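Have a look at the structure below before the remarks.
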Amino acid sequence: MTKLHIGIILGTTREGRFVDRPAGWINEHLSKHDAIHTEVIDLRDYPMPFFEETTSPAYARPGSDVACRWAAKIAEMDGFVFVTAEYNRSIPGVLKNALDYAYREFNKKPAAFVGYGGVGAARAIEQLRLISVELQLVPLRNAVHIAMDQYLAIANGEKQVGDFDFLNASAVSMIEDLVWWGQALAGARNPSRLAADCSGSRALNPITHQPG
Ligand SMILES: Cc1cc2nc3c(=O)[nH]c(=O)nc-3n(C[C@H](O)[C@H](O)[C@H](O)COP(=O)(O)O)c2cc1C
C-alpha cells in the first residue's frame, strides 16, 4: 500500500518558539511507522498576509502567491498533525490565518493534535477541532497534551519530550488513529478534488468546485 503523506504543521512562528521540540519528537514517532512518510510544514515558510481575498478559498484558489503555494502543499497531504501552542486560550492567530487560506485541500483528511502549555493546550485543541469540522477535516480523539510541568522541564533543557513515557504512549495511540483514518479516507477520497495549481485561472465553479 502507498504510504500516507502526513504533514506536520507547526502552529507558531515567533523567534525562540518552543514548537520545534514537540514537532521533532512527534516526527520521530511518525517516521518509525511503516505506513507513513512525513513532511514538516513550517508556517515561517508561508508568510501569508492577514486574510484579504475577495473570495473564500472554498470557491477560488488564493490570489496571493504564498497562500496559493500553501494550499498546493496542503493538497499534497493525506493527513495532518497540528503541533500547537495555546495563545489566550485559543490557537495562535498565525495558524488560524493559515487555515482560512485553504479549504478543499483539507477536505476529508484526518487531523491529529499535539499541544503544549498550561493544560496541554487542551482549550486550543478543542477550538482547533471545531475549526477542523468546518474545513471538512476529520479531527481525531486521541491527542498529545504536554502540560506545564513537562513544558517547563523541556524548555529549561532538563528533559526531552521523549523522556516522558506517558507522552510516548499518547503519541502511539494518536498515530494508530491517524493511520486508520488516513487509510480509510485515502481510499474514499476523489483525487480529482485536488487543488488547482498556482498558475492560470483562479476561478472555480461554485457548484462543481472545478476550474471554469
Ligand atoms: C500571546 C500569548 C498568549 C499565551 N496564552 C497562553 C494561554 O492562554 N494558555 C497557555 O497555556 N499558555 C499561553 N501562553 C504561553 C505559551 O504556552 C508559551 O509561551 C509557549 O512557549 C508558546 O509557544 P511557542 O513558544 O511555540 O510560540 C501564551 C503565550 C503568548 C505569547
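Just so it is clear, none of the values below were taken in a lab; they were calculated from the coordinates. All figures in this text were calculated on a predicted structure; none of them were measured in a lab. Glycine gets a Cβ as well: all are built from the backbone with ideal geometry, and neighbour counts include every protein chain shown.
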(request) For the stretch 37-93, just say rounded, prolate or oblate: build the C-alpha gyration tensor, square-root its eigenvalues into a ≥ b ≥ c, call rounded for a/c under 1.5, and beyond that prolate if a/b exceeds b/c, oblate if not. (result) oblate
(message) I want the antiparallel fraction of DSSP beta bridges within the chain, as a percent rounded to 5.
(response) 10
(request) Taking amide H positions as placed in the peptide plane 1.01 Å from N, state which residues far from Phe82 in sequence (5 or more) or on other chains have amide H under 5 Å from it. (result) Ile9, Ala112, Phe113, Val114
(message) Viscosity 0.692 mPa s, temperature 37 °C: give me the Stokes-Einstein translational D for the chain in µm²/s, with Rh taken as the Kirkwood radius over C-alpha pairs.
(response) 188
(request) Let me know the charge dipole size of the chain about its Cα centre in debye, to the nearest 20, where only the beta-carbon of Lys, Arg (+1) and Asp, Glu (-1) is charged. (result) 500
(request) Rounded, prolate or oblate: pick one for the stretch 1-48, where a ≥ b ≥ c are the square roots of the eigenvalues of its C-alpha gyration tensor, a/c under 1.5 means rounded, and failing that, prolate if a/b is larger than b/c, else oblate. (result) oblate
(request) Determine the calculated [θ] at 222 nm for the chain from helices alone, applying -39500 (n - 2.57) to every DSSP H run no shorter than 4 residues and normalising by the residue count; nearest 500 deg cm²/dmol. (result) -11500 deg cm²/dmol
(request) Quick one: angle between helix 20-31 and the longest Cα principal axis of the chain, in degrees between 0 and 90, rounded to 10, please. (result) 80
(request) Would you tally the net charge around Ala124, using a Cβ to Cβ cut-off of less than 13 Å, leaving Ala124 out, and scoring K and R as +1, D and E as -1? (result) +2
(message) Can you give the FRET efficiency to the nearest 0.05 for Phe50 and Ala153, using r as the Cβ-Cβ distance and R₀ = 30 Å?
(response) 0.25
(message) Under 5 Å between amide hydrogens, which residues at least 5 positions from Leu4 or on another chain qualify, with H placed 1.01 Å from N in the peptide plane?
(response) Ile36, His37
(message) Using a Cα-Cα cut-off of under 17 Å, which lysines could be cross-linked to Lys32, ignoring same-chain neighbours fewer than 8 residues away?
(response) Lys3
(message) Residue by residue through the stretch 97-103, what is 3J(HN,Hα) from phi via Karplus (6.51 cos²θ - 1.76 cosθ + 1.60, θ = phi - 60°)? Round to whole Hz and write x for glycine and proline.
(response) 4, 5, 4, 5, 8, 9, 8
(request) Return the sequence-ordered ³J(HN,Hα) values of the stretch 57-69 in whole Hz as given by the Karplus equation 6.51 cos²θ - 1.76 cosθ + 1.60 applied to θ = phi - 60°, using x for Gly and Pro. (result) x, 5, 10, 7, 5, x, x, 5, 4, 5, 5, 5, 4
